[in-house]
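**Q** What follows is a structure written as structure tokens; I'll ask about it next.
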Amino acid sequence: FQSEGGNADAIVAKAAATGLRQLWVRVGDSRDGFYAKDVLDTLVPKAHRAGIAVIGWGFPFLHDPVGDAAWSAEALAWRSPEGRPLDGFSPDIEMATEGVAISETRVRVYLGLVRQTAGDRLVVATVYWPNATRWPNGFPYRAIAPYVDAFAPMAYWSCAEPGSVAQQSLDRLKTLRPVHTIGTGWDATSEGGRAAAPSAHETNRFLDVSRRGGALGASFWVWHFMGEEQWSALSSFPWPIPGRN
């Protein structure tokens, strides 16, 4: 809970002023289980009063997919003091390079249990963007698809052109499920990438291609690393809500 120094009022105020419609909050992982109760108790009621949905995001390492489903179920079972739940849940499905025991069978076991627990609430799979090494057979997108309502590809462009990464993600994944893109919101120096934060132009390009390509929405990872130039670009970008004038 590093965003805005952990101040829920400041987070909601900035989100509302920027025009955000969702907040994605990390709620658990395989090592520590569900750990976000206190954060959610404070944040969710304030976000909901501002008309902002809250999606719980978690990291299953899948060494024990049934155990991972158990802490994910705790997150989905959480209720605010007013009795309000999370609006949805997004498991981050990654690869062995991140310590994950990835396999189609483990994915199906885990997501099958999560889907059952979530009921009619939104389940979104956070996944890698489907580049040439991962699509069509390098990552289990097709095994994931039956259990989720949408994909949220981590379309981090680094030194690539933001629009091309967004477009490739949309072109491939929307054949399986609707897509909500996630773009770069940090200086990638620590990961061997370029030593520069995303510019307003890159941010606008990513958002424009995502919207025109049919994305449900777009996000950026991660809040507390985003610079003011990127926040300003995000705030000024028009993304109409379907059905509203």
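The values are calculated or read from the model by the stated rules, or taken from the named source; none is laboratory data. As the structure is a computational prediction, the values presented were derived from the model and not from experiment. All Cβ positions, even for glycine, are placed from backbone atoms using ideal geometry, and neighbour counts span all protein chains on display. For accessibility, only protein heavy atoms count, side chains too; no ligands or nucleic acids. Shrake-Rupley method; radii C 1.70, N 1.55, O 1.52, S 1.80 Å.
**Q** Report the FRET efficiency, 1/(1 + (r/R0)^6), for SER235 and GLU161, where r is their Cβ-Cβ distance and R0 is 22 Å, rounded to 0.05.
**A** 0.45
**Q** Also: Taking all protein chains together and a probe of 1.4 Å, list THR133, THR181 from the most accessible to the least accessible.
**A** THR133, THR181
**Q** Can you give me the % of accessible surface on the chain that is carbon or sulfur? Probe 1.4 Å, all protein chains present, nothing else counted. All intermediate terms of the calculation are to be shown ahead of the outcome.
**A** Working: 5750 of 11250 Å².
Solvent-exposed carbon and sulfur of the chain make up 51 percent of the total.
**Q** Here's another thing I want to ask about it. Quick check on region 111-182: take the gyration tensor over C-alpha atoms, sort the square-rooted eigenvalues as a ≥ b ≥ c, and tell me if it's rounded (a/c under 1.5), prolate or oblate.
**A** Since a/c reaches 1.5 and a/b is larger than b/c, the shape of region 111-182 is classed as prolate.
**Q** Name the most mobile residue of THR117, THR97, THR42, meaning the one with the largest mean-square fluctuation, in a Gaussian network model of the chain with Cα contacts below 10 Å.
**A** THR97
**Q** Quick check on region 1-153: of the DSSP beta bridges with both residues there, what percent are antiparallel, nearest 5%?
**A** 10
**Q** On to the next question. Could you give log10 I(q)/I(0) at q = 0.11, 0.16, 0.19 Å⁻¹ for region 44-174, computed by the Debye formula over C-alpha point scatterers of equal weight, without solvent?
**A** Cα-only, vacuum Debye calculation for region 44-174: -0.42, -0.83, -1.08.
**Q** Mind checking which lysines have their Cα closer than 30 Å to the Cα of LYS14? Skip sequence neighbours fewer than 8 apart in that chain.
**A** LYS37, LYS46
**Q** Taking amide H positions as placed in the peptide plane 1.01 Å from N, state which residues far from TRP129 in sequence (5 or more) or on other chains have amide H under 5 Å from it.
**A** Close amide H contacts, sequence-distant or interchain: MET154, TYR156.
**Q** Next question, about the same structure. Using the Cα gyration tensor of region 131-245, with a ≥ b ≥ c the square roots of its eigenvalues, what is the shape: rounded (a/c below 1.5), prolate (a/b larger than b/c) or oblate (neither)?
**A** In terms of gyration-tensor shape, oblate.
**Q** Given a 1.4 Å probe, how much area per residue of the chain is accessible, in Å²?
**A** 46
**Q** (1) 60, 39, 32; (2) 50, 42, 34; (3) 45, 43, 40: which one is Cα extents along the principal axes in Å as calculated from this entry?
**A** Label of the calculated value: (3).
**Q** Give, in nm to one decimal, the length gained when the segment between ALA50 and ALA13 is fully stretched (0.36 nm per residue of separation minus the Cα-Cα distance).
**A** Details: separation 37, 0.36 × 37 = 13.32 nm, distance 0.84 nm.
Extra length available between ALA50 and ALA13 comes to 12.5 nm.
**Q** Between TYR141, TYR35, TYR156, which gets the highest mean-square fluctuation from a Gaussian network model of the chain, Cα cutoff 10 Å?
**A** Highest fluctuation of the listed residues: TYR35.
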